[in-house]
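Where a number appears in this text, it was derived from the coordinates with a stated rule and is not lab data. Bear in mind the structure is a predicted one, so any value in this text is a computation, not a measurement. Positions of Cβ are backbone-derived with ideal geometry, glycine not excepted, and every protein chain shown enters the neighbour counts.
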Amino acid sequence: MKINQTVLAIAILVIFFGPIGISKAAGAWQTTGGGGEHQSAEQGDSGHEMGGMRDGPGQGRGRDLLISGRTTFKQIISQGVSKEDIEAAIKMKIPDTSKVIRDFCDDNKLAFHDVRTSIEQLVAVAKKP
């Protein structure tokens, strides 16, 4: 039995990309960040994803706030921490507050874990009544 090359090519495309297309149409396909019905749980007032910052006790080694690799300095500032306080904590100037914290750490050869811990402490102080 011989299969036409065109039919074979179409069958391969359907087999590989069909499920992706169906998943995208159903809102279940995620390539980065949130997607589908879970996206709204991490959106701020502007409707944009909050970069992995989640409030809640008991999440992530006992911290009150999780800062992920997608969190920006601007999101930290929106939590009530001043740019000057962040700069003092990390001992460096922040040229662009829209920069992702992990990228800033990588660019300046800083340990993300240490910077994250310092910033989380600042956010915790800023959130206290």
Practice problem: Pull up all non-local amide H partners of residue 80: gap of 5 or more, or a different chain, and H-to-H distance under 5 Å with H placed in the peptide plane. | Solution: none
Practice problem: List the residues whose amide H sits under 5 Å from the amide H of residue 72, counting only those 5 or more places along or on another chain, with H placed 1.01 Å from N in the peptide plane. | Solution: 101
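If the viscosity is 1.306 mPa s and the temperature 10 °C, what translational diffusion coefficient in µm²/s does Stokes-Einstein give for the stretch 81-129 when Rh comes from Kirkwood over Cα pairs?
On the way: Rh = 11.1 Å.
In µm²/s, the coefficient is 143.
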Exercise. Output the pairs from 24/109; 74/128; 24/83 with a Cα-Cα distance over 29 Å in this structure; if there are none, say none.
Key: 24/109; 24/83
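What order do you get for 73-79, 106-112, 3-9 when each peptide is scored by the mean count of other beta carbon atoms within 10 Å, highest first?
Numbers: 73-79: 19.0, 106-112: 11.0, 3-9: 8.9.
Highest-to-lowest ranking by the protection proxy: 73-79, 106-112, 3-9.
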